[in-house]
Amino acid sequence: MRRDLLKKMLAFGLIGAMTAAMLTGCGGSGGDSGENAADSGSAKTESADGKHLDFGCYVYSTSYDPAEYVNAAWDGTRHGVVECLFKFKDDLTVDYNLCDKYEVSDDNKTWTLHIRDGVQFSNGNDCNAQAVADCLNRLYTVCATDAKSSTPETYLETESITADADANTVTIVTKQPYADVTSILCFPFYAIIDVEGDTTDAEHDYTADGTSVIGTGPYVIKSMDETTKCSELVKNEHYWNGEVPYDSVSVIFIEDDSTKASALKTGDIDLTENITTASDLEELFGNDDFYVSKTPGMRSGFAYVNFNGILGKNEALRQAIFKAIDGQTLCDVTVGGMYTYGPAVLPSTLSYDYESLKNDFEYDVEGAKKLLDDAGIKDSDGDGFRELDGEKITLQYITYVNRCLSDFAEAIQISLSEIGIDVNVTNTDSDTEWNMMQAGEYDLCDSNWTTIGTGEPSAFLKNWYGGDKGSEFYVNSQGTNYCWYENDEYDKLYDQYMASTDLDERADLVIQMEQILIDDCAVLVHGYYNSTFLSNASKVTGADIHTVDYYWLSTEIAPK
């Protein structure tokens, strides 16, 4: 197929059609839909119930428990329910939050954190040193013993976490020296919840253990519908950090991007995030009725390559697949510029020498076909698809509808059919995909990660670290290498990186690791994501997207 014809197919066939969705079960008039929904939602804002916000977004989990899933942890901080001890500023420096000062020992292994005095959980209990220590110890215990998918040990390996009630301090002793623990404690896994508090009081209709989470954030969970993933939040009357702008918030699950845009334009919602359909974004950018905040974030979109499967076992097949994919067209046309293309795992905007990296597997369809032919991977039965060892090759590609990932998957499916490789795309929800990824039930698995979630990329680069991979427990419980990739040189460089406190040396080691991943075709990078936040300009103020997108429903977002 000619490149220009492929562009047309990708641009017009894969951006996606608008879904005729009904916004029911949350927000608006509490279940009404259709043309009355916008009117009733607007009326609710001015009603006796107080100031109300309808927030339409992709909801990643049916839990808010940071120990349950990584997606649950993120939803908790994004929806303003839970907070961490520290918080990132937009320039990626760390600010104090529930902790207001700290000390570190000379060996960088003992970190003493003073908990801010006077902070209460949303149920009125004190958020003191003992409560914080209990929360963090519970996180590590639950994740180690109950097979939860949160992996705090990946980021911070601890010897002990203890509280001094009189000093109101928590002391974390780590197994190894860390250059900076404060940035790690910004990560949503480490959100502080009241593990001893009463979560069944009559004022709150909690529907599951994962939603009966008591935090310190500006909003409190009133209820959550596990079927629709919609949440009703109310103002935290005990909030410690200023006025809470809304009395109530409906978090409305909207999966399809065009549906988000339509709901914003019709007034069914007041605020939404990450509309990625090019035509919708162009229309909203040009309309003064809406405020669009866009920032080049720190996210990479990519597909894991399962090295326990056919792609890991056949290098020629893997290399041919990488050469068959026109990443530049996918980013520029298919997803309308929502990604900036690049083959490296870390975004080109970060302070690593991106220009020094070389990619020997750039887009070349004929070169991809030759690689397969030379390796004896041919279509022997004339059905249009190639076989390996007498079996038709069908790759299992799992994805989900968010941040254009399903668009990439469907476009890649078309691209690979051009070289005779069959691809079965499974579109599921993010929690299901996460579980399938952990189980290795895929050949390609889409993901979109914040690459420097703790201020530097060690946790992200650990996705391909195999140093302790002889243990199944490490892979499934404490590690993040769910692609079973192994490269001794990569592991050696990663170990050096973790042991070093010299910033220049660490940067050079990162560049070397990135080059190895490119050379090995170890991860199929889609590109670097640009985040957006969109709001009704006449009703909402302060709706700016943060560089590190842990923070959505902040107190900065308020009625106009």
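For this structure, a couple of remarks:
- Just so you know, in segment 298-310 the residues that are within 25 Å of TYR550 (Cβ to Cβ) and out of contact with any Asp or Glu (no Cβ under 6 Å at 6 or more places or on another chain) include one that is most open to solvent (accessible area, probe 1.4 Å), and it is MET298.
- Residue within segment 367-380 that is among the β-branched types (Val, Ile, Thr) and under 30 Å from THR532 (Cβ atoms) present: no
- Scoring ASP443 on the criteria (1) open to solvent by less than 10 Å² (accessible area, probe 1.4 Å); (2) in contact (Cβ under 8 Å) with a residue 60 or more places away in the chain leaves a single failure, condition (1).
- Across segment 415-427, the qualifying residues are those that are touching a Phe, Trp or Tyr at 6+ places or on another chain (Cβ under 6 Å) and without any contact (Cβ under 8 Å) to a residue 40 or more places away in the chain, and the one among them that is farthest from LYS229 (Cα to Cα) is ASP422.
- Cross-chain or 6+ apart pairs with Cβ under 9 Å, segment 124-139 first and without any contact (Cβ under 8 Å) to a residue 12 or more places away in the chain, then open to solvent by 10 Å² or more (accessible area, probe 1.4 Å) and part of a loop (DSSP other than H, G, I, E, B): ASP126/GLY118
- Flag if ASP468 is of a type in the set (D, E, K, R), open to solvent by 10 Å² or more (accessible area, probe 1.4 Å), at pLDDT below 90 and assigned to a helix (DSSP H, G or I): no
Matching residues to (1) open to solvent by less than 20 Å² (accessible area, probe 1.4 Å); (2) more than 13 Å from CYS84 (Cα to Cα); (3) in contact with an Asp or Glu (Cβ under 6 Å, 6 or more places away or on another chain); (4) of a type in the set (A, V, I, L, M, F, W, C):
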| site | (1), (2), (3), (4) |
| --- | --- |
| PRO152 | yes, yes, no, no |
| ILE161 | yes, yes, no, yes |
| ALA167 | no, yes, no, yes |
| THR171 | no, yes, no, no |
| ASP180 | no, yes, no, no |
| SER183 | yes, no, no, no |
| PHE187 | yes, no, no, yes |
| ILE192 | yes, no, no, yes |
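- From the options THR276, THR266, THR272, residue that is at pLDDT 95 or above, crowded, with 24+ Cβ neighbours inside 10 Å and hydroxyl-bearing (Ser, Thr, Tyr): THR272
- Here ILE221, ILE325, ILE252 are screened, and the one residue that is open to solvent by less than 40 Å² (accessible area, probe 1.4 Å) and assigned to a loop (DSSP other than H, G, I, E, B) is ILE325.
- Qualifying residue in segment 170-181 (condition: under 25 Å from TRP434 (Cα atoms) and touching a helix residue (DSSP H, G or I) at 6+ places or on another chain (Cβ under 6 Å)): no
The values are calculated or read from the model by the stated rules, or taken from the named source; none is laboratory data. Every value quoted in this text rests on a predicted model; they were computed, and no experiment measured them. Counting neighbours? That spans all protein chains shown, and the Cβs are built from the backbone with ideal geometry, glycine included. Heavy atoms of the whole protein, side chains included, go into the accessibility calculation; ligands, DNA and RNA do not. Shrake-Rupley method; radii C 1.70, N 1.55, O 1.52, S 1.80 Å.
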